[in-house]
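Everything on this sheet refers to the single structure shown next.
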């Protein structure tokens, strides 16, 4: 109603899954070890937790995906005299080198050769993977706004090709009004149902309109492990006349696959696939792919991201191929210390840095500048009193790590969790419950990543008919 400010209420719609993602319905599970701790790390003590519903990449990020990212950086920042932005994003191809192995062809060709387009990118640090997630968020939302007409396609593409530099599209900057763009004809016409306070067609979208997607990010360790098991396949499915399954998990599985003859490292179901390896891993010393004429996993190093059996959620290579970065900072006793709902260690609570004044909130990359919240401003809060929560409750009374980095341990606040086995690991590491760590600035030839995204609304599914809680017929009091 234009007489009351033209406040627009977006009608609930079926939730649209962002490109590349699959929906993972959350739930409870036992996080941690599923088999004997042969490494004697004692860093994955079982604990029951709950993970909220979320989205996860169906495949690991491939070389082609990452080269697309680099191409955009070169076009946007290379011509703007910011070559360092491109250089910082390059994967370290030297991770393939070994002092007593001939791997130079992989150094030269793995990332660039078209034969490896669909293979997982490696040599990427946690910091680089995190930057990729941010870039992906902005490109997907930029496309969504162009498709709806809030951004003029020709103007946006021309700006990017001409080296936009700092003036590239950023989702948060757009929402805050710090990014100015030419709107398309679709939203400037009177047919646009969205109006401003004066009743004119609104040419900028808000998050409340339901057009923009959430942020791509690295999954938390709990999300990754939960998604890897794919328990949807193990829980007896709903029957005719019932809306839900049985809420039953029969057995604790070891690997990322279960049921229908896919219960072991090899496929046991009778048929052409019987006896085939279900993951890309190293069977034993000197045995990366088996004997010629009968290769077991058919991959000496990495394999294509869509190879092998997907799990119950339809996600590929959660056991084997490459290990994967997750968001969490590593601590050995994480499962016993963390919350039992959406556990995660790594929070640094931030706010917008407004020191430059309105209209000057963006950094050199075009993103909104953020800063850690002031502890003095948080002292009266009940839920948290410090912005830096990475080392919260990690072993000593003052909540600061007692680790002496480089003297008694290699664990620091920069140590990030690695999940899943790789092409160069034994079967033990294929269990999603295993965990390792690496400094966030380092990379490996056995380590890649995939993205996740938070889910909004009902935990049950993507339909607008999905509701939180249970629905019962109305009741009326009957007078006796």
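Bear in mind these aren't lab numbers, they're just calculated from the coordinates by the rules spelled out. Remember, predicted model here, so these are calculated numbers, not experimental data. Neighbour counts are summed over all protein chains in view; Cβ atoms, including those assigned to glycine, are modelled from backbone coordinates with ideal geometry.
Please report the equivalent ellipsoid semi-axes of region 58-115, computed as sqrt(5 x eigenvalue) of the Cα gyration tensor, largest first, in whole Å.
25, 15, 9
Based on a Kirkwood Rh over C-alpha pairs, give the Stokes-Einstein translational diffusion coefficient of the chain at 20 °C and viscosity 1.002 mPa s in µm²/s.
Here the translational diffusion coefficient equals 86 µm²/s.
So between residue 30 and residue 9, what do we pick up on full extension, going 0.36 nm a residue minus the alpha carbon distance?
3.6 nm
When ranked by the protection proxy of mean other Cβ atoms within 10 Å per residue, highest first, what sequence do the peptides 119-125, 338-344 form?
For the peptides 119-125, 338-344, the packing ranking is 119-125, 338-344.
What share of Cα pairs, in percent, lie more than 12 angstrom apart in region 36-76?
Roughly 76 percent, once rounded to a whole number.
Go ahead and run the numbers for FRET between residue 41 and residue 351, Cβ-Cβ distance against an R0 of 45 Å, rounding to 0.05.
Given R0 = 45 Å and the Cβ-Cβ separation, E is 0.75.
So what is the orientation-averaged projected area of region 133-191, using the convex hull of its C-alpha atoms, in nm²?
Here the figure is 4.1 nm², rounded to one decimal.
Tell me, what is the percent relative contact order of region 118-200, built from C-alpha pairs under 8 Å that lie six or more residues apart?
Here the relative contact order equals 31 percent.
Please grab the % of Cα pairs in region 255-362 that end up more than 18 Å from each other.
The calculated P(r) of region 255-362 puts 66 percent of pairs beyond 18 Å.
According to a simple spin-label model (label point 7 Å from Cα along Cα-to-Cβ), what is the distance in nm between residue 363 and residue 470?
4.8
With each label point set 7 Å from Cα along the Cα-Cβ vector, what nm distance links residue 333 and residue 68?
4.5
List the relative contact order of the chain as a percent without decimals, with contacts defined as Cα pairs under 8 Å and 6+ residues apart.
Relative contact order of the chain: 23 percent.
Kindly give Rg over Rh for region 111-216, based on alpha-carbon atoms, with the Kirkwood expression for the hydrodynamic radius.
1.07
Taking the highest mean first, how do the peptides 433-442, 385-394, 53-62 order by number of other beta carbon atoms within 10 angstrom per residue?
My ranking of the peptides, most packed first, is 53-62, 433-442, 385-394.
Order 350-359, 139-148 from most to least packed using the mean count of other Cβ atoms within 10 Å.
Descending packing order for the listed peptides: 139-148, 350-359.
List the relative contact order of region 175-231 as a percent without decimals, with contacts defined as Cα pairs under 8 Å and 6+ residues apart.
23
Using a Förster radius of 30 Å, what is the FRET efficiency between residue 292 and residue 441 based on their Cβ-Cβ separation? Nearest 0.05, please.
With a Förster radius of 30 Å, E is 0.15.
Could you line up 172, 371 from fewest to most neighbouring Cβ atoms inside 10 Å?
Starting with the residue having the fewest Cβ neighbours, the order is 371, 172.
Calculate, in whole percent, how much of the Cα-Cα pair population of region 28-169 lies beyond 18 Å.
70
Please list the three semi-axes, largest first and in whole Å, of the ellipsoid equivalent to region 81-159, using sqrt of 5 times the eigenvalues of its alpha carbon gyration tensor.
Equivalent-ellipsoid dimensions as semi-axes: 34, 14, 12 Å.
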